[in-house]
1. Taking the chain as a Gaussian network, Cα atoms linked when under 10 Å apart, which of Arg143, Arg32, Arg96 shows the biggest mean-square fluctuation?
2. Could you give the spread of the C-alpha atoms of the stretch 3-152 along their three principal axes, from largest to smallest, in whole angstroms?
3. Can you give the local net charge around Ser62? Use residues other than it whose beta-carbon is closer than 10 angstrom to its beta-carbon, Lys and Arg +1, Asp and Glu -1.
4. Can you list the HN-Hα couplings for the stretch 95-102, worked out from phi with the Karplus curve (6.51, -1.76, 1.60; θ = phi - 60°), rounded to whole Hz and with x for Gly and Pro?
5. Using alpha carbons only, what's the Rg to Rh ratio of the stretch 98-153 with Rh from Kirkwood?
6. Just to confirm a number: summing +1 for Lys and Arg and -1 for Asp and Glu over residues other than Ser72 whose beta-carbon lies under 15 angstrom from that of Ser72, what do you get?
7. Output wanted: per-residue J couplings in Hz (rounded whole) for the stretch 64-72, from phi through Karplus 6.51 cos²θ - 1.76 cosθ + 1.60, θ = phi - 60°, x for Gly and Pro.
8. Pop a pseudo-label 7 angstrom from the Cα along the beta-carbon direction at both Lys19 and Val104 and give the gap in nm to one decimal.
Amino acid sequence: MPKYAKVKVSKRLLASLEKHMDEAVGMARYGRFKSWLHYANLQSWQEQGWHFNYQNYNGVESHCTCGLAIASDADPEIGGLAGLKLDPLHRASGHRYLPALKGVCVAFIYDFDWMEDKGVYFYKALCQKCGSHTELISNHDARLFENEHNGACAVKTRK
């Protein structure tokens, strides 16, 4: 049974963190900015659909932006994806759909790159079930890939 961390970031939380940051003085303001930035980035990556090894508590557990938590020294569960730059978290099963943080998916966005000439991010997606993966494509196309593979390769589809 997969283990999950609570990673939902509400607008209310971000507003509260921003208020505390604005009220802080000196170096405390910088510390509160870093706290706000942590949660703002997490929320942004969840909205983009990017599954990323974002949090690591004391080197014991690695956490994904979807909440999936695994031991940092865990052996990869999913094989057959040689050549892709995946960490053990990407090779763990049990990822949740983003941004809903519900259900279990087999296909997801695992990497991105800023395309300076286009002024947008492009993404890489993979399906853990059949091993298909993309090169850098638009977020729209990466989401289509996810939906197709989560429908064809898994029991449940994204709503």
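1. Arg32
2. Result, largest extent first: 52, 39, 26 Å.
3. My count for the surroundings of Ser62 gives -3.
4. Result, ordered by residue: 4, 8, 5, 10, x, 5, 6, 10 Hz.
5. On the way: Rg = 11.6 Å, Rh = 11.6 Å.
Reported Rg/Rh (Cα atoms, Kirkwood Rh): 1.00.
6. -3
7. With coefficients 6.51, -1.76 and 1.60, one gets 9, 4, 8, x, 4, 10, 9, 5, 4 Hz.
8. Inter-label distance under the simple model: 4.0 nm.
Every number in this text was worked out from the coordinates using simple rules, so none of it is lab data. Given the structure is predicted, the values throughout are model-derived calculations rather than measurements. Cβ atoms come from the backbone with ideal geometry, glycine included; neighbour counts cover every protein chain shown.
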